[in-house]
Amino acid sequence: MSSAALASIGGQPHALEEIKTRPGFWKRFVRHRVAVISLVFLVFMGLAALLTPLVSPYDPYAMSLVDANKPPSLEHPLGTDKLGRDTLTRVFVGGRVSILVALAAVAISSSLGTVLGLIAGFRGGWVDSIIMRVTDVFMAIPLFVLLIVLVSMLGSSARNVVLIIGFLSWMGVARLVRGQVLSVMNQPFIEAAESTGVPVGRMLTRHVLPNSFIPIVVASTLGVANAMLQEAALSFLGLGIQPPTPSWGNMLNAAQSLQVLVNEPWVWIGPGLAIALTVLSINFLGDGLRDALDPYV
Amino acid sequence: MFIFVEMAPGDAVDALMPPESLSTPEAKEAMRERLGLNDPAPLRYVQWLGRAVQGDMGYSLTSRRPVTDIIMARLPKTLLLVGTAMVFSVIVGIVTGIISAIKQYSVIDYLATFFSFFWLSIPGFFLSLLMIYIFAVKLNWFPVFGASSPNAEHPVLDRIHHLILPAAVLGLELAAALTRYTRASLIEVMRADYMRTARAKGLREWIVISSHGLKNALIPVITVIAFRLPYLISGAIVIETVFQWPGLGLLTLNAANQKDYPVILALTMAVTILVVVSSFLADVAYSVIDPRIRLG
């Protein structure tokens, strides 16, 4: 008997291998055509945002009054703004800012939500009650009001926007993880782990958390869409990312002037569509992921 | 319930801590002393809460008018906007959801699903700008912004005319959410045994759906309406800004820009009360629609 065969008998638990090799995830995901199209679009947007200098001959910050307020043409597919900057280039660079801010905010909110949800579900009792009441309170307040107030008090840098959005949107994940933990805690393998004396930390990271992984991924994906919308709204109101750094939201800020709104629609329709399509794609992607990853459907 | 009201101003008091900008240190210090901002935070909070329950929210730092007056002058406009948006979205959302559920997997269903995703994804301000561009600028059907024209012949009609666009934009997102929940809920209910029983009794299909199906399907939908209310108010801030609708949202933004703390505190509180009252109304609506639930 070869050593490889020996290893496969004695080593890996069988079930784990089966889950890994089950011909499921990709097939089920690809069946979701809209989700695939969304993924392609997102990859395109991401690459364009990261590799803007390769894609576009223009500098997103260079002003040129000769080229100001040009309607769309072959040289400038989305025209130019009032300072003569190429709109399409700024949409790509703005995408970099918007996407990074949203991802960073979600990294914070998902980690915070996961930790709080784990503690609440695992500890139970009064710890659970307190965490969940705080969650309820946060869910009842219109967050955008708090967001505006906090950003205007603390100042609108990209870092503050990330932190504030992150710390104000952990509630969904916390609830989800808590629910998941509560249902996992009743499973026989937790009892088995407990009876073999697995320490608490290892119990959480190896037995409880992996079982909450899928809902966390799905919720985080949808969370990116929400964070992006919030950043865009803040920047649109002039409270988020500050010019000259472009973000999709603050590019639309220009359209608050009736002159731009009416006479230069290319300046605001481009970035607006970029947000709408990106958020739409993320939502479809999240939906597709949910269907493809959920082992019970 | 009380905790909601308790927490909101508490959060805002924390936000008071960072020092303000502007003017010389001495002038600022004198100003702070005069406004009582130098008292320790917990003391100020208790004082503020004590006065607030008597209806005295203090004075605006910028306009010097009582905060209660400022808010009361604006509250009806926001209630009108949010209320109209809500009625609009409940009607549109639930009707679309029902059609979508009954004709599951039809073209209408796919369209409804796609558009509900679309309305949930498009930012309110972009939709507002598009609507203004198409319906107000190009087609000239509606006024571009504001809540009324100065010399309108029929003030009421004029107000409605100004209301349609912002209310529609504000309502679409909630309508989209309601469509999805109504559809899911009704499809679930349609599989229930009592639906088969009702059909077996020989009831006509629309009676089965309306009196047996809908009554049960709408219960979770009411939860969603109550749960979504904070989003609606958040959306109102942005939309009031774009349409220059002189309500609480525009006030919030201005107050935040000017760091007008008494106004901000009172606004946070007013908005929270609004949400708490509405979720209480949702509870009442529950017991009306579902006799199994008693108000306790």
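The values are calculated or read from the model by the stated rules, or taken from the named source; none is laboratory data. Computed from a predicted structure; not experimentally measured. When we count neighbours, we look across all protein chains shown, and the Cβ atoms used for this are built from the backbone with ideal geometry, even at glycine. When the accessible area is computed, the model is the full protein with side chains, heavy atoms only, and any ligands, DNA or RNA have been set aside. Shrake-Rupley method; radii C 1.70, N 1.55, O 1.52, S 1.80 Å.
Taken across the stretch A:128-144, residues that are closer than 26 Å to A:M228 by Cα, among the aromatic types (F, W, Y) and within 14 Å of chain B (Cβ to nearest Cβ) do occur, with at least one present.
Residues are listed down the side, and each one gets a yes or a no for (1) open to solvent by 40 Å² or more (accessible area, probe 1.4 Å); (2) of a type in the set (G, A, S):
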| site | (1), (2) |
| --- | --- |
| A:D86 | no, no |
| A:T89 | no, no |
| A:G95 | no, yes |
| A:V106 | no, no |
| A:S109 | no, yes |
| A:L112 | yes, no |
| A:G117 | no, yes |
| A:F122 | yes, no |
| A:V127 | no, no |
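Just to check your reading of the model, which residue among B:V277, B:V284, B:V288 is over 17 Å from the mean Cα position of the chain (by Cα), open to solvent by 60 Å² or more (accessible area, probe 1.4 Å), more than 22 Å from A:L237 (Cβ to Cβ) and aliphatic (A, V, I, L, M)? Steps first, please.
On the way: B:V277 fails: over 17 Å from the mean Cα position of the chain (by Cα); B:V284 fails: open to solvent by 60 Å² or more (accessible area, probe 1.4 Å).
Being over 17 Å from the mean Cα position of the chain (by Cα), open to solvent by 60 Å² or more (accessible area, probe 1.4 Å), more than 22 Å from A:L237 (Cβ to Cβ) and aliphatic (A, V, I, L, M) holds for just one of B:V277, B:V284, B:V288, which is B:V288.
Only one of the numbered conditions (1) in a helix (DSSP H, G or I); (2) touching a residue at least 12 places away in the same chain (Cβ under 8 Å); (3) open to solvent by less than 80 Å² (accessible area, probe 1.4 Å) is violated by B:E188, and that is (3).
Can you give me the number of residues within the stretch B:217-261 that are in contact (Cβ under 8 Å) with a residue 60 or more places away in the chain, within 24 Å of B:V284 (Cβ to Cβ) and open to solvent by 20 Å² or more (accessible area, probe 1.4 Å)? Selection size over the stretch B:217-261: 4.
Is there a residue in the stretch A:277-287 that is away from every other protein chain (no Cβ under 11 Å), touching a residue at least 24 places away in the same chain (Cβ under 8 Å), of a type outside the set (K, R) and part of a helix (DSSP H, G or I)? Yes: one or more hits.
In the set (1) open to solvent by 10 Å² or more (accessible area, probe 1.4 Å); (2) closer than 21 Å to A:L88 by Cβ, A:F284 fails one condition alone, (2).
In the stretch A:260-272 there is at least one residue matching the filter, namely being in contact with a Gly (Cβ under 8 Å, 6 or more places away or on another chain) and under 24 Å from B:S234 (Cβ atoms).
In this structure, does A:P210 turn out to be surrounded by fewer than 18 Cβ atoms within 10 Å (Cβ to Cβ), without any contact (Cβ under 8 Å) to a residue 12 or more places away in the chain and outside any helix (DSSP H, G or I)? Spell out the reasoning first.
Details: surrounded by fewer than 18 Cβ atoms within 10 Å (Cβ to Cβ): yes; without any contact (Cβ under 8 Å) to a residue 12 or more places away in the chain: yes; outside any helix (DSSP H, G or I): no.
Criteria not met by A:P210.
Figure legend. Inter-residue proximity from the stretch A:128-148: first residues under 9 Å from A:M171 (Cβ atoms) and in contact (Cβ under 8 Å) with a residue 12 or more places away in the chain, second residues among the aliphatic types (A, V, I, L, M) and open to solvent by 20 Å² or more (accessible area, probe 1.4 Å), beta-carbon distance below 8 Å, spacing 6+ or different chains. Indicated pairs: A:T135/A:L116. Looking at B:S211, B:S278, just one residue is small (G, A, S) and in contact with a Leu (Cβ under 8 Å, 6 or more places away or on another chain), and that residue is B:S278.
Only one of A:V149, A:V162, A:V101 is within 14 Å of chain B (Cβ to nearest Cβ) and farther than 26 Å from A:P210 by Cβ. Can you tell me which?
Values: A:V162 fails: within 14 Å of chain B (Cβ to nearest Cβ); A:V101 fails: within 14 Å of chain B (Cβ to nearest Cβ).
Step by step, each of A:V149, A:V162, A:V101 is checked, and only A:V149 is within 14 Å of chain B (Cβ to nearest Cβ) and farther than 26 Å from A:P210 by Cβ.
Within the span defined as the stretch A:181-197, one or more residues are in contact (Cβ under 8 Å) with a residue 60 or more places away in the chain and open to solvent by 40 Å² or more (accessible area, probe 1.4 Å).
Looking at B:L186, B:L130, which one is of a type outside the set (D, E, K, R) and within 14 Å of chain A (Cβ to nearest Cβ)? That would be B:L130, the only listed residue that is of a type outside the set (D, E, K, R) and within 14 Å of chain A (Cβ to nearest Cβ). The set of residues in the stretch A:226-252 that are in contact with a Ser or Thr (Cβ under 7 Å, 6 or more places away or on another chain) and either open to solvent by 50 Å² or more (accessible area, probe 1.4 Å) or within 11 Å of chain B (Cβ to nearest Cβ) (or both) comprises A:N226, A:M228, A:E231, A:A232, A:S235, A:L237, A:L239, A:Q242, A:W248, A:G249.
Please pick out the residue among B:P155, B:P166 that is free of Cβ contacts under 8 Å to residues at least 24 places away in the same chain and on the phi < 0 side of the Ramachandran plot. That would be B:P155, the only listed residue that is free of Cβ contacts under 8 Å to residues at least 24 places away in the same chain and on the phi < 0 side of the Ramachandran plot. Within the stretch B:120-141, no residue satisfies the criterion of being modelled with pLDDT under 75 and within 21 Å of B:L80 (Cα to Cα). Would you say B:V208 is in a helix (DSSP H, G or I) and either open to solvent by 10 Å² or more (accessible area, probe 1.4 Å) or within 11 Å of another protein chain (Cβ to nearest Cβ) (or both)? It is false that B:V208 is in a helix (DSSP H, G or I) and either open to solvent by 10 Å² or more (accessible area, probe 1.4 Å) or within 11 Å of another protein chain (Cβ to nearest Cβ) (or both). Pairing residues of the stretch B:263-278 that are more than 10 Å from chain A (Cβ to nearest Cβ) with residues that are open to solvent by 20 Å² or more (accessible area, probe 1.4 Å), at Cβ distances under 6 Å and at least 6 apart in sequence or on separate chains, gives B:A266/B:M57.
Look through the stretch B:204-240, keep the residues that are under 12 Å from the mean Cα position of the chain (by Cα) and among the hydroxyl-bearing types (S, T, Y), and return whichever of them is farthest from B:Y181 (Cα to Cα).
To start, the set of residues in the stretch B:204-240 that are under 12 Å from the mean Cα position of the chain (by Cα) comprises B:225-240.
Right, trim to among the hydroxyl-bearing types (S, T, Y) and you get B:231, B:234.
Working: B:Y231: 16, B:S234: 21 Å.
Checking each candidate, the answer is B:S234.
Among the numbered conditions (1) within 13 Å of chain A (Cβ to nearest Cβ); (2) in contact with a helix residue (DSSP H, G or I) (Cβ under 7 Å, 6 or more places away or on another chain); (3) among the hydrophobic types (A, V, I, L, M, F, W, C), the only one that B:F114 does not meet is (2). Just to be sure, is A:L168 more than 20 Å from A:L118 (Cα to Cα) and within 14 Å of chain B (Cβ to nearest Cβ)? No: the conditions fail for A:L168.
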